[in-house]
Amino acid sequence: MDTVQKKNRGKVQDDTKNEQLEIFRSDHNNEKLTTNHGLQISNTDDSLKAGSRGPTLMEDFHFREKLTHFDHERIPERVVHARGFGAHGYFQVYEPMTEYTKAKFLEHPSVKTPVFVRFSTVVGSKGSADTVRDVRGFATKFYTSEGNYDLVANNIPIFFIQDAIKFPDMVHSIKPEPHNDIPQASAAHDNFWDFIVNTPEITHMILWLLSDRAIPRSFRMMEGFGVNTFRLVNAQGKARFVKFHWKPLLGVHSLVWDEAQKLAGKDPDFHRRDLWDAISMGNYPEFELGVQILEEENEFKFNFDILDPTKFWPEELVPVKIIGKMTLNRNVDNFFAETEQVAFHPGHVVPGIDFSNDPLLQGRLFSYLDTQLIRLGGPNFHEIPINRPVAPVHNNQRDGYHRMTIDRSRVNYFPNSLQKNSPIPDPQNGYIHYAEKVEGKKVRERNPSFKDHYSQATLFWNSMSEAERQHIIEAFHFEVGGVTNKEIRQRVVDMFNNVNSQLAIEIAKGVGGTPPITPGGTGVTASSPAVSQENTIKVPQTRKVAILAENGFNCTEIVKFMEAMEDVGITTEIISTSLGQITSVSGMELEVSKHYHSAGSIMYDAVYITGGRQSVDSLITNGDSLHFVNEAFKHAKPIGATNEGVDLLKASAIQGVKIAGTDNQGQLTTELGVVTIQNSTDLTSFNQGFINAVAQHRHWGRQNLKKMVPA
Ligand code: HDE
């Protein structure tokens, strides 16, 4: 097939999914109201009664249909990953991957494969908050020409347990406690920590769960990991082990815990809104697909078992090869029809992608299909538009609840002669499982190579920056602080002494425990810089800045600032005391985006205070604006102020950083993400300095300041 043909094929594929969905879309625009059977309705506000004050009549078919449908509108939420948010997009490889896999969608850059992605939290129910401390799901459905391929990933590269048979226990322990259904969407309770201290294999994952990874800034700023070890198989039948990675082009960034908790109240939809808005504005999230490829002969080369899902393959040992890019460019039309009804399954593979004997993966291959049967009400969920492959479906499976296809053939069995054996298996192009040689005794056992639960936990701890370590310790204090049983709290201290003595001592300080008497640790001194978020991509694009201004602001400053931000893809919103317009010294009017009742610093990446005497004098006397900058400072966010705007910072509780003043008039002053300038009309250097500070995401050096502001 030449390139032009391939290009066309890619395009056809992309359009096919959209066209397929088009068939099922209904706008209900400019239409008459009907029953589900097409009968036009004359009145839908009054039920049919015997007399206008009399009882409702059984024969009111419209009333009955409307109420019955409503009564049956809910389906069971997912047993885990109930709260999620999805988007459409496409994927293309950068170069042919034929050396490693025969998967057609990885064959050539001209193949553009439509995708649907659903991001999720794990523990909370469907109505819980987005910013809770939790693992995030990152599931992608590729609608390939060879059938759907699902990469059902998380934003943490390892898992809690090694064997799927422990999954129900693990999930029961972290979910709300069964007697009182408390707490919701939180790991800070006795049952979970009781399970933890009795499950040494969970140690490594708990460090990740208590790290910044579990409170992402945005779905757009998370990595994705296939977690389990899979295989890539090429056309010659050669197989290699593989781990899948998604790498966001905006880098990996997180909230701080205080901010995450406040957002759960002020904007529980923070992550879904962020994704929806970004796509609506054309800021399409992009993720590169990476693979860690391991030759089969290197299977036993490491000091961990490559089939153990509580271990990651350090990128420094097995580099991540970036092979393509996914772009999310379309929001859903209907949340229920698409995001809720989409059904992922790690067993949805295509030729060229195969499994390993990872015992967690093996169990997953059972669970996902099983769960869809109850959640989506029967065996025909593959016919729901969002789940339909673009590849044709032909088999002898028939009937069942909600069957949509009208199978016209009288033949529903194989082999047959009435239809010349159609549909017929294809031994050449059909899926062939990798012919791995396996032998062994039937045993309920864990291989000894799965028994080291602490070395990689130490490696992870060693890899964290000072700020990241501090966040983990504080997370222990919060989470274990929520445990009422003293013995469990002490056992947490002792458990993490196996990883690192200093960590255990720090945990003990915050949970009323006794520091370990015997020094712990594993002796591992190595680190993996790739897992620290300190080393991630840092760019200003798509960040959101709050501008604090009131009547009497300086219009040149604000306009120049907004232009400079827009030029690099930063969005700005004006926050003021009330909605409507504010007027500058020179009479220019600006529309206020939000007032202090609807906005908080926690909803922004950075804050800017523009000059103008009257504006700043009002800000200084307003508790809300002072709180806004104090809180942003506490959360280590960039703060900028120009000319009179600097006075608001001086009036705030910010301490310990240098701010423009009498001794440095006209000069740009930047310290720990606080960017200020006074007595200057040339704001180019200020704007650039502020953009640089925004790109840094947070300025953790402030954590070392002795006096942190209250907020
Ligand atoms: Fe899942 N998981 N899981 N999981 N998982 C589900 O399937 C399960 C695991 C992941 O947005 C369920 O349709 C078992 C690892 C995501 O719809 C269920 C085990 C990883 C999603 C299920 C695991 C994941 C799920 C619940 C191991 C990262 C949401 C609803 C023992 C690689 C997909 C559903 C979506 C969902 C079972 C472990 C990721 C019950 C048995 C490891 C992203 O089938």
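Going through N416, N429, N395 one at a time, which residue ends up being out of contact with any strand residue (DSSP E or B) (no Cβ under 7 Å at 6 or more places or on another chain) and surrounded by 12 or more Cβ atoms within 10 Å (Cβ to Cβ)? The conditions single out N416. Considering segment 298-315, the residues that are among the charged types (D, E, K, R) and over 28 Å from H108 (Cα atoms) include one that is most open to solvent (accessible area, probe 1.4 Å), namely K301.
Within segment 372-384, identify whether any single residue is open to solvent by 100 Å² or more (accessible area, probe 1.4 Å) and more than 16 Å from the ligand (Cβ to nearest atom), and answer yes or no. Quick ask: steps written out before the conclusion?
Residues of segment 372-384 that are open to solvent by 100 Å² or more (accessible area, probe 1.4 Å), as a first pass: 374.
Then keep just the ones that are more than 16 Å from the ligand (Cβ to nearest atom); that gives none.
No: segment 372-384 contains no residue that is open to solvent by 100 Å² or more (accessible area, probe 1.4 Å) and more than 16 Å from the ligand (Cβ to nearest atom).
Taking (1) in contact with a helix residue (DSSP H, G or I) (Cβ under 7 Å, 6 or more places away or on another chain); (2) under 30 Å from E295 (Cα atoms); (3) at pLDDT below 95 in turn, S110 satisfies each apart from (3).
Yes or no: E31 assigned by TED's automatic domain parsing to the domain that holds Y149 and acidic (D, E)?
Values: assigned by TED's automatic domain parsing to the domain that holds Y149: no; acidic (D, E): yes.
No.
Apart from one condition, I196 fits all of (1) open to solvent by less than 10 Å² (accessible area, probe 1.4 Å); (2) touching a His at 6+ places or on another chain (Cβ under 9 Å); (3) more than 16 Å from the ligand (Cβ to nearest atom); (4) assigned to a helix (DSSP H, G or I); the exception is (2).
Tell me which helices (runs of 4 or more DSSP H) are completely within segment 548-647 and hold 3 or more residues being surrounded by fewer than 20 Cβ atoms within 10 Å (Cβ to Cβ) and in contact with a strand residue (DSSP E or B) (Cβ under 9 Å, 6 or more places away or on another chain), or say none if there are none. Talk me through it step by step, then tell me what you get.
Details: elements: 555-567, 613-620, 623-634.
It comes to 555-567.
Scanning segment 47-102 for residues that are open to solvent by less than 30 Å² (accessible area, probe 1.4 Å) and without any contact (Cβ under 8 Å) to a residue 24 or more places away in the chain, we see that the one that is nearest to the ligand (Cβ to nearest atom) is D60. Go through segment 666-688 and give me each residue that's buried (at least 19 other Cβ atoms within 10 Å of the Cβ) and assigned to a helix (DSSP H, G or I). Listed by number, the residues that qualify are F686, N687. Consider segment 221-273 and keep the residues that are open to solvent by 20 Å² or more (accessible area, probe 1.4 Å) and among the acidic types (D, E). The one that is farthest from A87 (Cα to Cα) is D258.
Taken over segment 141-167, the criterion of being within 9 Å of the ligand (Cβ to nearest atom) and either part of a strand (DSSP E or B) or not assigned by TED's automatic domain parsing to the domain that holds D212 (or both) is satisfied by D150, L151, V152, A153, N154. The C-beta contact set for segment 318-338 (first residue under 21 Å from L106 (Cα atoms), second residue hydrophobic (A, V, I, L, M, F, W, C) and part of a helix (DSSP H, G or I), distance under 9 angstrom, 6+ apart or interchain) comprises V320/A530; I323/L106; G324/L106; L328/L275; L328/A278; L328/I279; N329/I279.
Scanning segment 486-532 for residues that are in contact with a Ser or Thr (Cβ under 7 Å, 6 or more places away or on another chain), among the aliphatic types (A, V, I, L, M), within 23 Å of K311 (Cβ to Cβ) and open to solvent by less than 30 Å² (accessible area, probe 1.4 Å) gives M495, V499, V531.
Determine which member of the set Y368, Y401 is open to solvent by 40 Å² or more (accessible area, probe 1.4 Å) and not in a helix (DSSP H, G or I).
Numbers: Y368 fails: not in a helix (DSSP H, G or I).
The match here is Y401.
Yes/no per residue for (1) within 13 Å of the ligand (Cβ to nearest atom); (2) surrounded by fewer than 22 Cβ atoms within 10 Å (Cβ to Cβ); (3) part of a loop (DSSP other than H, G, I, E, B):
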| site | (1), (2), (3) |
| --- | --- |
| S120 | yes, no, no |
| V132 | no, no, yes |
| D169 | yes, yes, no |
| H172 | yes, yes, no |
| P178 | no, yes, yes |
| I182 | no, yes, yes |
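Suppose we keep only residues that are at negative phi and open to solvent by 100 Å² or more (accessible area, probe 1.4 Å) within segment 29-46. Which one would you say is farthest from the ligand (Cβ to nearest atom)? Going through the qualifying residues, I end up with S42.
The values are calculated or read from the model by the stated rules, or taken from the named source; none is laboratory data. Quantities reported herein were computed from a predicted structural model and do not represent experimental measurements. Glycine gets a Cβ as well: all are built from the backbone with ideal geometry, and neighbour counts include every protein chain shown. We work out accessible area using only protein heavy atoms, side chains counted, and drop any ligands, DNA or RNA first. Shrake-Rupley method; radii C 1.70, N 1.55, O 1.52, S 1.80 Å.
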